[in-house]
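Trainee: Starting off with a structure, shown below.
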Ligand SMILES: *[C@@H]1O[C@H](CO)[C@@H](O)[C@H](O)[C@H]1NC(C)=O
Ligand SMILES: *[C@@H]1O[C@H](CO)[C@@H](O)[C@H](O)[C@H]1NC(C)=O
């Protein structure tokens, strides 16, 4: 998860979508202030979701890394101060996106593009917070995740401060990670599931050097990492980068990473001690997290279904609705702070 962080649909209501909708609604009660297809039924922006999907498709067709970027943005946004699009703000002396844990965030340009399209079609109607969730859902679906329902009607927050960023390190223990998820009303199933977004993610080598060269200050590598994987990773991640050299990126799940597709291989790798990030490998250390990992490694459909529910639950964290917040004209600025 720290790692979600380090990472990087059609209108026809088919039977599959309906039953997924019912499954999600049954597993997680809908937020009372949000609504399915809010823009279609309650606003003048009937085709908002189609506009979003179209823009995501245009990007996805030539940059599949967009899925991981958007999922990480949702994670960073929702876990920090709630799903209020504060992660998108450039405003203020030290916005959330400048926090060290948010280094390497991407996807902002796509969100800007979507916002520009929506503002030209229906000005002042669609929030940046909803755009982020809709876009992440669409990109995840393009990568092989199920097309879960995104309930809409969120408003955008008006402040963003790096001091409120408490995203945990990727080397956190599973117990501490669970405490963190629980503080956001998510449970062990959500945590194990949302970490599965790492299936399409990448990380900077700096986040795994400790595992490769000097684990917890022992002078040795992390014994919970498979030796062959470790050798391969050492080739990609030298112990020190020279001055001016970039901190290299590696795939969190090399099997599906390079084609950016959702697969169960992420969980299979954990069972073989081949996870790249420590938090991912830690899933084997808890009884519940191990059991869920085994189940997902065996049953991709279980993972897909649970992913939909957990994404949906994450999208409910501390949202603003009604008279709270605003609809930003530009996702990078509050309406008051907008220089344009
Ligand atoms: C949106 O419209 C539906 C159907 O007309 C209505 O039931 C619902 O209460 C409205 N929701 C909001 C948030 O305005
Ligand atoms: C490993 O880390 C410890 C604690 O940070 C440090 O004292 C030690 O010098 C390191 N060992 C190597 C070989 O870098």
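The values are calculated or read from the model by the stated rules, or taken from the named source; none is laboratory data. Owing to the predicted nature of the structure, the values given are computational and were not obtained by experimental measurement. Backbone-built Cβ (ideal geometry, glycine too); neighbour counts: all protein chains shown.
Trainee: Would you pick out the residues in the range 188-217 that are surrounded by fewer than 22 Cβ atoms within 10 Å (Cβ to Cβ) and either under 22 Å from residue 236 (Cβ atoms) or in contact with a helix residue (DSSP H, G or I) (Cβ under 7 Å, 6 or more places away or on another chain) (or both)?
Mentor: 188, 189, 204, 205, 206, 209, 210, 212, 213, 214, 215, 216
Trainee: Among the numbered conditions (1) within 15 Å of ligand 2 (Cβ to nearest atom); (2) part of a loop (DSSP other than H, G, I, E, B); (3) surrounded by 11 or more Cβ atoms within 10 Å (Cβ to Cβ), tell me where residue 234 comes up short.
Mentor: Of (1) within 15 Å of ligand 2 (Cβ to nearest atom); (2) part of a loop (DSSP other than H, G, I, E, B); (3) surrounded by 11 or more Cβ atoms within 10 Å (Cβ to Cβ), only one is false for residue 234: (2).
Trainee: Condition check: surrounded by fewer than 19 Cβ atoms within 10 Å (Cβ to Cβ) and either under 13 Å from residue 280 (Cβ atoms) or within 16 Å of ligand 1 (Cβ to nearest atom) (or both). Does residue 258 satisfy that?
Mentor: Judged against the criteria, residue 258 is not a match.
Trainee: Taking residue 307 as the residue in question, decide whether it is out of contact with any strand residue (DSSP E or B) (no Cβ under 6 Å at 6 or more places or on another chain), closer than 24 Å to residue 83 by Cβ, assigned to a loop (DSSP other than H, G, I, E, B) and at pLDDT below 95.
Mentor: Against the criterion (out of contact with any strand residue (DSSP E or B) (no Cβ under 6 Å at 6 or more places or on another chain), closer than 24 Å to residue 83 by Cβ, assigned to a loop (DSSP other than H, G, I, E, B) and at pLDDT below 95), residue 307 does not qualify.
Trainee: Going through the range 46-90 one residue at a time, which ones are part of a loop (DSSP other than H, G, I, E, B) and within 30 Å of residue 177 (Cα to Cα)? Can you show your working first?
Mentor: Applying the first criterion (part of a loop (DSSP other than H, G, I, E, B)) to the range 46-90 yields 46-47, 61-65, 82-85, 89-90.
Of everything in the range 46-90, those that are part of a loop (DSSP other than H, G, I, E, B) and within 30 Å of residue 177 (Cα to Cα) turn out to be 64, 65, 82, 83, 84, 85, 89, 90.
Trainee: Can you pull out every residue in the range 217-231 that is under 14 Å from residue 170 (Cβ atoms) and within 14 Å of ligand 2 (Cβ to nearest atom)?
Mentor: 222
Trainee: Moving to a separate point now. Could you check the range 67-82 and list, in sequence order, the residues that are over 20 Å from residue 146 (Cβ atoms) and more than 8 Å from the chain's Cα centre (by Cα)?
Mentor: 77, 79, 80, 81, 82
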